1. How far is helix 8-29 tilted, in degrees, relative to the longest principal axis of the Cα atoms in the chain, given as a value from 0 to 90 rounded to the nearest 10?
2. With charges set only on the Cβ (+1 for Lys and Arg, -1 for Asp and Glu), what does the dipole of the range 8-121 come to about its Cα centre, in debye to the nearest 20?
3. Relative to the longest principal axis of the C-alpha atoms of the chain, give the angle of the C-alpha long axis of helix 60-86, reported between 0 and 90° and rounded to the nearest 10°.
4. Tell me, what is the percent relative contact order of the chain, built from C-alpha pairs under 8 Å that lie six or more residues apart?
Amino acid sequence: MKIIKENVVLDKFYNFSVWIVRLYQYLCNKKKEHNLSKQILRSGTSVGANVEEAIGGVSKKDFLNKLSIANKEVRETSFWLRILKDTGYINQVMFDSVYKDCDEVSRIIFSIIRTSRKNETT
């Protein structure tokens, strides 16, 4: 049995996905909202899934491609979060909490992509 080492960055992506699932449950159960909640569930959980796929990539190109997809998904998630806030489905406090995590995840992904591309040319 292979033991996975603790990784703060991967934990951040995983915890972000858990936050998104809980938001989805809240939107469905408390707000009876099912269309926007499915959109944010798909994009928000896709971020971590694509990062995991990137780690298992067969090449540097595959790695960067999966991270680029994760970057697009986190941007989409950011969009849905803003829509949910501006339409009153989530309040400012809830938005601030999850949006902060979304922004942090986005910055981490962008930084990894930038560093990987920089190392590719040297």
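What follows draws every value from the coordinates through simple rules; no lab data is involved. Keep in mind that what you see is a predicted model, and the values were worked out from it rather than measured. Neighbour counts are summed over all protein chains in view; Cβ atoms, including those assigned to glycine, are modelled from backbone coordinates with ideal geometry.
1. So the inclination is approximately 20 degrees.
2. Values: 19 positive and 13 negative charges, 36 e Å.
Using Cβ point charges on Lys, Arg, Asp and Glu, the range 8-121 gives about 180 debye.
3. So the helix axis and the longest Cα principal axis differ by about 20 degrees.
4. Numbers: 102 pairs, mean separation 29.2, N = 122.
Worked out over the chain, it gives 24 percent.
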